[in-house]
């Protein structure tokens, strides 16, 4: 019977699941089904069918509608927790991402809140904008290595890590391919052989020698020009050092090929910057001390278990003198006067043997990270003195180190204290006796 004019019509909203139950209950009432068949159709027990049928007979279709609809969830956060979370986000974590903000709210402030709840709160407050998923270019997937230490991806990330509180610098990152575990983090001024050598030394002393390093085509890792950079073997200084340690260097053709360390750099540029801010750290020296704590916490959160429990790292051998291997080494030929030139300086060899014995001899000049020089002949050190320092000439730099060369304060030319530029014109003329003071 249709309702008359002016009569109120009640509209009942039901879900698809509830409509299915209504149809089954109607067939059950019309004796076209028994309770066992209804149980099979709905995927519930016969006991539950009896409860549903009793509710249907008592209230009709309305009896099958969930009583929780339109009501607040029993697990809904209290208004006090929501307000506390919003206040803390505005005070300390305004520019944090939802995941990192959630970690801090839970670990530092003890709030019982989910990461999705934090995300929704930040979206509602306009502090986080949902990002539409980008259409990712198709790249062939490469399975992780099976063993820890089988392949270590390395890269440098130039970034304003201290947000203007300290100098801009580069973070060297070593990450294991099999586990995603960060093996080393180290702040340096810029990517260089000595920077990577120091970071590699820390890694070797902590884990041992990996099978291979996976890097980009930076000039530190491979020769990108025709010359052999003084090593005499067509390899770079870092390549020569890793060859001495029996570690293979593999260079990727594209950034996507070493995506694990590239993604780690993006994560670190977000997380590490904020952790340094919270810790009140504003310089690379204090940052390097803090990195050990950060690295352990990062690995606890994100490292995975490798497919094999075998550790592919090999221990350092007794012959592996890291201080010598990780020094800058170039071969030179002694002159008839037993002098050798290196880095715009001329060194005079001091020896008790006849001078002709070392004429035209090939020696190895080794420079340590500290700047200390050693000259070796047949793996034995020679005594020498600094004979002459030549004036600075133009140097070749790569595009990655150009800014460092231009803005490095200690590399800028500084006139001496008695230079005429630092005196008045009349004073300089008076000293020269040309004009009376």
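The values are calculated or read from the model by the stated rules, or taken from the named source; none is laboratory data. Keep in mind that this is a model prediction, so the values were computed, not measured. Every residue, glycine as well, gets a Cβ built from its backbone with ideal geometry; the counts of neighbours run over all protein chains shown.
For the subset of the range 187-212 comprising residues that are under 16 Å from the mean Cα position of the chain (by Cα) and in a strand (DSSP E or B), which member is farthest from residue 269 (Cα to Cα)? Among those residues, the one meeting the criterion is 188.
Yes or no: residue 129 assigned to a loop (DSSP other than H, G, I, E, B), exposed (fewer than 15 other Cβ atoms within 10 Å of the Cβ) and free of Cβ contacts under 8 Å to residues at least 12 places away in the same chain?
Working: assigned to a loop (DSSP other than H, G, I, E, B): yes; exposed (fewer than 15 other Cβ atoms within 10 Å of the Cβ): yes; free of Cβ contacts under 8 Å to residues at least 12 places away in the same chain: yes.
The answer is yes for residue 129.
The residues of the range 166-186 that are closer than 14 Å to residue 155 by Cβ and assigned to a strand (DSSP E or B), listed by number, are 170, 171, 172, 173, 174, 175, 176, 182, 183, 184, 185, 186. Can you say whether residue 68 is crowded, with 17+ Cβ neighbours inside 10 Å and either out of contact with any strand residue (DSSP E or B) (no Cβ under 6 Å at 6 or more places or on another chain) or within 22 Å of residue 128 (Cα to Cα) (or both), as far as the supplied structure shows? Here the answer is no, as residue 68 does not meet what is asked. Among residues that are under 35 Å from the mean Cα position of the chain (by Cα), surrounded by 15 or more Cβ atoms within 10 Å (Cβ to Cβ) and modelled with pLDDT under 95, residue 369 is included.
Counting only residues that are farther than 30 Å from residue 276 by Cβ and in contact (Cβ under 8 Å) with a residue 24 or more places away in the chain, the range 70-104 holds 1 of them.
If you filter the range 274-284 down to residues that are without any contact (Cβ under 8 Å) to a residue 24 or more places away in the chain and assigned to a helix (DSSP H, G or I), you find that the one that is surrounded by the fewest Cβ atoms within 10 Å (Cβ to Cβ) is 279.
Is there any pair with a first residue in the range 199-212 that is under 14 Å from residue 248 (Cα atoms) and a second that is part of a helix (DSSP H, G or I) whose Cβ atoms are under 6 Å apart and which are 6 or more apart or on different chains, and what are they? Within 6 Å, no pair qualifies.
Comparison of 291, 338 shows that the only residue that is farther than 25 Å from residue 201 by Cα and either in contact (Cβ under 8 Å) with a residue 24 or more places away in the chain or in contact with a strand residue (DSSP E or B) (Cβ under 7 Å, 6 or more places away or on another chain) (or both) is 338.
If you take the residues of the range 50-101 that are part of a loop (DSSP other than H, G, I, E, B) and more than 30 Å from residue 11 (Cα to Cα), which of them is modelled with the lowest pLDDT? Only one residue fits best here, namely 77.
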